[in-house]
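Trainee: I'd like to ask some things about the structure below.
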């Protein structure tokens, strides 16, 4: 039977359920540790069935690792004017998405990053995901330039950008560092544009 909910309402309800599952999961991870928290406990706390949990997150790891910001960032990149340099287009698209985050959403992202760095299995899978992210970003860069989606130069540029983000994140996503992520990230992108001068 087809749902009678309008598409917009249905999507909002799905987004609300997904956010609730993640919020309860992160609370439980904080309270009792990642390893000690089970899918059943998360589902019970979020008042959903186990099957509903798995519709939103294939594994417990995905509750932490799923990055909701990558798809809209890539879409924003594709929407940038074709005559804008790819590094500037990436800078604009990242700003466009992340400038919309509230302080609470930023704190949730910092919590997510801290958890990833503290759990070896999350670190391992997170590293594997970067290959996919580089592929998505590289294909978008290539598309803007009228190149094949697997273009070598576009993929290398995407890898350099993701590498810059990785280099910056430990110093700016953690609150004790006291630095601004985008200020540092834009400095890193400027180094790529300038051909990596040292100093």
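The values are calculated or read from the model by the stated rules, or taken from the named source; none is laboratory data. Only a predicted model underlies this, so the values are computations on that prediction, with no experimental measurement involved. When we count neighbours, we look across all protein chains shown, and the Cβ atoms used for this are built from the backbone with ideal geometry, even at glycine.
Trainee: Quick one: what pairs do we get from the range 58-71, first residue within 15 Å of residue 128 (Cα to Cα) and not assigned by TED's automatic domain parsing to the domain that holds residue 109, second at pLDDT 95 or above and loosely packed, with under 15 Cβ neighbours inside 10 Å, C-beta under 8 Å, 6+ apart or different chains?
Mentor: none
Trainee: Can I ask one more? Residues 90, 116: which one is in contact (Cβ under 8 Å) with a residue 60 or more places away in the chain, part of a helix (DSSP H, G or I) and touching a helix residue (DSSP H, G or I) at 6+ places or on another chain (Cβ under 7 Å)? Explain how you work it out, then say what you get.
Mentor: Working: 116 fails: in contact (Cβ under 8 Å) with a residue 60 or more places away in the chain.
Every option except 90 fails the conditions.
Trainee: Same structure, new question: Taking residue 89 as the residue in question, decide whether it is over 20 Å from residue 153 (Cα atoms) and either in the same structural domain as residue 127 (by TED's automatic domain parsing) or at pLDDT 90 or above (or both). Before the answer, list the steps.
Mentor: Working: over 20 Å from residue 153 (Cα atoms): no; either in the same structural domain as residue 127 (by TED's automatic domain parsing) or at pLDDT 90 or above (or both): yes.
So residue 89 does not fit the description; no.
Trainee: Additional query: Hey, could you check the range 162-199 for residues that are assigned to a loop (DSSP other than H, G, I, E, B) and more than 15 Å from residue 106 (Cβ to Cβ) and say which is modelled with the highest pLDDT?
Mentor: The selected residue is 194.
Trainee: Oh, and also: Report whether or not residue 156 is in a helix (DSSP H, G or I) and either in contact with a helix residue (DSSP H, G or I) (Cβ under 6 Å, 6 or more places away or on another chain) or assigned by TED's automatic domain parsing to the domain that holds residue 35 (or both). Spell out the reasoning first.
Mentor: On the way: in a helix (DSSP H, G or I): yes; either in contact with a helix residue (DSSP H, G or I) (Cβ under 6 Å, 6 or more places away or on another chain) or assigned by TED's automatic domain parsing to the domain that holds residue 35 (or both): no.
In short, no.
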